[in-house]
Structure formats: structure tokens, C-alpha cells
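Novice: This is the structure I want to talk about, given as C-alpha cells.
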Amino acid sequence: MMRQIGRWTGLAVIIGLAAGLASAFFLVSLAWVTSLQTNNWWLLLSLPLLGGLVAWLYQRFGTNVAAGNNLIIEQLHNPDSAGIPLRMAPLVLLGTLLTHLGGGSAGREGTAVQMGASLAARIGRWWRLPQAEWRLVVMMGISAGFSSVFGTPIAGTIFAMEVLAFGVLRYEALLPCLVAALVGDGVVRWLNVAHSHYHVASVPDLSMIWAILVVAGICFGLASSAFAIWTELVQTWSRRWLPNPILRAVVGGGLIVMISFLLNTRDYNGLSLPLLARAFEPQGVVPWAFALKLLLTGLTLGVGFKGGEVTPLFVIGATLGSTLAQLFGVPADLLAALGFIAVFAGAANTPIACVLMGVELFGSTLLGPLMLTTCIAYSVSGHRGIYAAQRVGWAKRQHLGYQTGKRLDQLDVD
């Protein structure tokens with residue numbers, strides 16, 4: 001037993017180091033690209049061209065990795081000889097940086113997870129691991145990538161165990177994923193690569209605001225579902241009308257540019273971190289901020305640009321929470337923090353990981369409100385999500401138990 005623990009711990013350290021170094025390089029590069037785009041907003045005009053370039057790169061070098069996170073989840077459920085190629089890491093890194101250079105509304109979690117998983121898969125092949133153990137190695141890569149890009153090792157550990165099928169946790173991965181997550185996060189911190197921090201000044205007594213939190217949780221769950229539906233619709237319609245992926249990205253990029261100039265969406269392009277920070281301030285944001293971010297992100301990801309969904313979901317949730325706070329007369333930072341976590345939980349179907357992420361980011365005093373709003377959002381969002389390859393491990397509605405084992409995009413339910 002000790003020999004096995006030592007073997008897996010050593011492997012987890014190596015994977016954590018690789019994923020942490022990759023995430024650190026990515027975060028520094030992304031910060032530079034974001035600064036360049038922010039200070040030269042005319043670069044938005046290049047978005048159609050950059051989108052076409054990203055689509056060409058994937059068509060030429062990465063048709064088998066274009067599915068991104070869904071490929072990783074599918075491979076963990078049904079591994080084959082193709083596996084997760086190492087080329088996924090440089091392609092998603094370059095594609096994400098080009099997307100943000102042009103001002104596309106995307107995130108960073110998908111990039112870090114894909115880099116971590118592809119590096120881990122390569123390390124697993126070098127070790128000549130059997131198929132059952134190879135799955136565990138890739139899960140370590142997911143946890144290290146997620147942890148290192150957000151600075152949340154506990155959430156990263158559980159996310160890798162929870163994301164494969166909602167309602168099920170893969171406990172055999174607990175210790176290896178925890179070690180990989182801690183090492184990955186430690187590498188980024190050791191290199192002094194900063195993460196964004198947000199503060200909740202005070203948390204009212206739960207008994208005084210529970211009704212407001214219930215309503216907020218329902219709204220957060222509906223926002224999660226709306227994001228998944230809108231992104232899927234854009235993807236379906238654009239593929240039907242523009243089957244050529246390069247043309248699809250060019251036309252989609254042009255549409256985003258038109259909307260951005262017509263609606264003056266400077267704060268809504270890219271990661272939108274300044275907008276996210278304002279959601280925690282007392283004056284809040286405009287009431288329609290969450291809807292505009294949702295619109296642009298769905299268009300960006302739906303037509304083929306690369307990046308992640310998580311940071312945009314943070315922004316959507318925080319700005320929606322800020323709007324609800326103004327409506328109900330409660331502290332903006334409280335509902336912004338709850339929306340930050342709950343909308344992501346409802347869209348990713350990972351409530352436990354998200355609650356732990358909220359504790360890591362905002363402190364344990366927020367645990368009660370986090371549990372309430374996150375569980376409600378997870379239930380209200382239904383059998384939809386941002387990861388089409390995710391399985392139904394245990395249906396959210398008992399009468400839908402016959403759907404167990406199906407992919408989300410194969411369900412015939414809400």
C-alpha cells in the first residue's frame with residue numbers, strides 16, 4: 001500500500017509541476033495580451049481575421065482536439081488509441097491568446113484544464129500505465145490545471161472528480177488529485193503569478209435573508225441554463241448555416257465586432273475583470289450587464305473561438321448578483337460573490353467543487369449562503385451544462401433515472 005501511495009504521489013508531483021508551469025506561462029501571456037488589447041481597442045477589428053486563423057490552425061493541425069474539454073471527458077469515459085494528443089496544449093494556448101487579443105469574450109479555465117490533461121496524458125504514456133490508471137493520471141492533470149489557474153487547490157481536486165458525471169464522485173482519485181492540485185497551485189504562487197482577489201465585507205445572519213437567497217439561487221440557476229442553451233443554439237445554427245469552420249469564425253467575429261461597436265461593450269470583451277470587480281462595489285453595475293456578457297460569450301464560443309466558459313460565468317453571476325442586490329437592498333458584494341459561484345455551479349454541474357471554491361476565495365463565513373444558493377442553482381439549471389460529454393451519474397429528478405449514463409447532448413429532457 002505504501003509503495004502504491006508513494007508511486008502515485010511521485011507521479012502527481014510531476015504532473016502538478018508540469019501543469020503549474022504551463023498555467024503560469026499562460027497566465028503571464030494572457031495578462032500581457034489582455035493589457036495590449038485593452039490599451040489598443042482597435043485590435044477588436046482584427047477579431048474576424050484572428051478567428052479565421054484559429055479555425056485554420058485547428059483544421060490544419062488539430063481536428064482531433066477541437067472538442068476541447070468534451071474530448072477529455074469523453075476519453076475518460078471511453079478511452080481509445082487516439083487518447084488526448086500533446087498538441088492539444090499548444091493549440092489551445094495559442095487559440096485562447098489570439099481570441100483575447102482580438103477582444104473575444106472567453107475565459108481561461110478550458111485552456112488550463114486542456115493543457116494539464118494533455119501534459120498528464122503524455123506523462124502517463126511515458127510511464128506505460130494501463131488504461132485504468134491512465135484515467136487517474138488525466139484526472140490529476142485536470143485538477144492541477146484548474147487549481148493553478150484559479151488558485152483554488154481544494155476546488156480543483158473535487159472538480160476533477162465531479163465533472164465527469166454529475167451525481168457521482170470518483171473517490172479513488174482523491175489523494176493523487178489533491179497532491180497534483182497543491183503542487184500546481186504552489187508552482188504558480190512560487191513564481192509570483194498573481195490571482196484576482198475579491199472581498200465580501202460582511203455576511204448578514206442567514207435567517208434574516210434566506211428568502212432573498214432562495215430567489216437569488218433560482219435566478220442564478222436560470223442564468224446557468226440560459227448560458228448553456230444560448231451557446232448551444234449559436235453553435236448549432238452557425239454550423240448549419242456556415243459549415244466551413246474558417247468562414248464560421250470570420251463571420252461570427254464580424255458579428256461580435258458589430259455588436260461591440262453598436263453597444264459600446266468595451267468592458268464586456270475579453271475576461272471583463274474590471275467589470276467583475278465593479279460588481280462587488282456598492283454602486284454595482286448596470287442591470288443588463290449580465291445579459292450582455294452572456295450574449296457576447298455565447299457568440300464567441302459558439303462560432304469556434306477558444307478559451308473557457310468559467311471566467312465569463314463568474315462575470316455573469318457576479319453582475320446578476322449585483323443587480324439583484326440593488327433590487328432587494330442587500331450588500332452588493334454578498335450577492336455578487338454568491339452569483340460568482342452559483343452560476344458556474346449550475347452550468348458545470350459541479351456544486352461541491354464550487355462551494356469549496358467559494359470558501360477558498362471568499363472565506364468560510366460565506367459557507368451557509370453558498371450552500372443554499374449553489375444547491376438551488378444546481379437543481380434549477382436542469383439537465384443542461386457547458387460540457388456536452390458530461391454524463392448523468394444520478395439524475396437531478398428521480399423520475400428521469402432512466403437517463404443515467406447518457407451524455408448531456410443525448411438527453412430528451414429539459
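The values are calculated or read from the model by the stated rules, or taken from the named source; none is laboratory data. The structure presented is a predicted model; accordingly, all values stated were derived computationally and were not measured. Neighbour counts are summed over all protein chains in view; Cβ atoms, including those assigned to glycine, are modelled from backbone coordinates with ideal geometry. Each accessible area value is taken on the protein alone, full model and side chains, heavy atoms only, with ligands, DNA and RNA left out. Shrake-Rupley method; radii C 1.70, N 1.55, O 1.52, S 1.80 Å.
Novice: So which residues in the range 58-69 are in contact with a Leu (Cβ under 8 Å, 6 or more places away or on another chain), open to solvent by less than 60 Å² (accessible area, probe 1.4 Å) and more than 11 Å from residue 304 (Cβ to Cβ)?
Specialist: Selection gives 62, 65.
Novice: Further, regarding this structure: Which residues, taken from the range 260-302, are modelled with pLDDT of 95 or more and among the β-branched types (Val, Ile, Thr)?
Specialist: Answer for the range 260-302, where residues must be modelled with pLDDT of 95 or more and among the β-branched types (Val, Ile, Thr): 297, 300.
Novice: Is the range 73-88 home to any residue that is open to solvent by 30 Å² or more (accessible area, probe 1.4 Å), more than 23 Å from residue 170 (Cβ to Cβ) and at pLDDT 85 or above?
Specialist: yes
Conditions tested, residue by residue: (1) over 16 Å from residue 231 (Cα atoms); (2) of a type in the set (A, V, I, L, M).
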residue: 258; (1), (2): yes, yes
residue: 271; (1), (2): yes, yes
residue: 292; (1), (2): no, yes
residue: 303; (1), (2): no, yes
residue: 307; (1), (2): no, no
residue: 346; (1), (2): no, no
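Novice: Being open to solvent by 10 Å² or more (accessible area, probe 1.4 Å), under 30 Å from residue 409 (Cα atoms) and either of a type outside the set (A, V, I, L, M, F, W, C) or not in a helix (DSSP H, G or I) (or both) is the filter here, so list the residues in the range 350-363 that pass it.
Specialist: The one that is open to solvent by 10 Å² or more (accessible area, probe 1.4 Å), under 30 Å from residue 409 (Cα atoms) and either of a type outside the set (A, V, I, L, M, F, W, C) or not in a helix (DSSP H, G or I) (or both): 351.
Novice: Say we look at the range 183-232 and pick out the residues that are open to solvent by less than 40 Å² (accessible area, probe 1.4 Å) and among the polar types (S, T, N, Q); which of these is farthest from residue 344 (Cα to Cα)?
Specialist: Once the filter is applied, the top-ranked residue is 231.
Novice: Got a number for residues in the range 178-210 being within 30 Å of residue 10 (Cβ to Cβ), over 22 Å from the mean Cα position of the chain (by Cα) and not in a helix (DSSP H, G or I)?
Specialist: Of the residues in the range 178-210, 2 are within 30 Å of residue 10 (Cβ to Cβ), over 22 Å from the mean Cα position of the chain (by Cα) and not in a helix (DSSP H, G or I).
Novice: Do we have residue 108 as within 28 Å of residue 29 (Cα to Cα), out of contact with any strand residue (DSSP E or B) (no Cβ under 6 Å at 6 or more places or on another chain) and at pLDDT below 90 here?
Specialist: Yes, satisfied.
Novice: Continuing with this model, one more query. Can you pull out every residue in the range 124-142 that is open to solvent by 10 Å² or more (accessible area, probe 1.4 Å) and either in a helix (DSSP H, G or I) or touching a helix residue (DSSP H, G or I) at 6+ places or on another chain (Cβ under 9 Å) (or both)?
Specialist: Those that are open to solvent by 10 Å² or more (accessible area, probe 1.4 Å) and either in a helix (DSSP H, G or I) or touching a helix residue (DSSP H, G or I) at 6+ places or on another chain (Cβ under 9 Å) (or both): 125, 126, 127, 129, 131, 132, 133, 134, 135, 136.
Novice: If residue 57 satisfies every condition in (1) under 30 Å from residue 9 (Cα atoms); (2) modelled with pLDDT of 90 or more but one, which is the exception?
Specialist: Looking at each condition in turn, residue 57 falls short on (1).
Novice: Kindly indicate the residue of the range 154-177 that is under 17 Å from residue 134 (Cα atoms) and either over 19 Å from the mean Cα position of the chain (by Cα) or among the aromatic types (Phe, Trp, Tyr) (or both) and also most open to solvent (accessible area, probe 1.4 Å) among those meeting that condition.
Specialist: 171
Novice: Residues that are out of contact with any Gly (no Cβ under 8 Å at 6 or more places or on another chain) and open to solvent by 60 Å² or more (accessible area, probe 1.4 Å): find the helices (runs of 4 or more DSSP H) completely inside the range 237-349 holding 3 or more of those.
Specialist: By residue number, 245-263.
Novice: Looking for something out of contact with any helix residue (DSSP H, G or I) (no Cβ under 6 Å at 6 or more places or on another chain), closer than 23 Å to residue 251 by Cα, without any contact (Cβ under 8 Å) to a residue 40 or more places away in the chain and buried (at least 16 other Cβ atoms within 10 Å of the Cβ) - is there at least one such residue anywhere in the range 32-47?
Specialist: Checking the range 32-47: not a single residue is out of contact with any helix residue (DSSP H, G or I) (no Cβ under 6 Å at 6 or more places or on another chain), closer than 23 Å to residue 251 by Cα, without any contact (Cβ under 8 Å) to a residue 40 or more places away in the chain and buried (at least 16 other Cβ atoms within 10 Å of the Cβ).
Novice: If you don't mind, another one. Just one of (1) open to solvent by 20 Å² or more (accessible area, probe 1.4 Å); (2) farther than 23 Å from residue 347 by Cα; (3) at pLDDT 95 or above trips up residue 180, so point out which.
Specialist: With respect to (1) open to solvent by 20 Å² or more (accessible area, probe 1.4 Å); (2) farther than 23 Å from residue 347 by Cα; (3) at pLDDT 95 or above, residue 180 is out only on (1).
Novice: Let me ask something else. Condition test on residue 150, is it closer than 14 Å to residue 22 by Cα, among the aromatic types (Phe, Trp, Tyr) and open to solvent by less than 30 Å² (accessible area, probe 1.4 Å)?
Specialist: Yes, satisfied.
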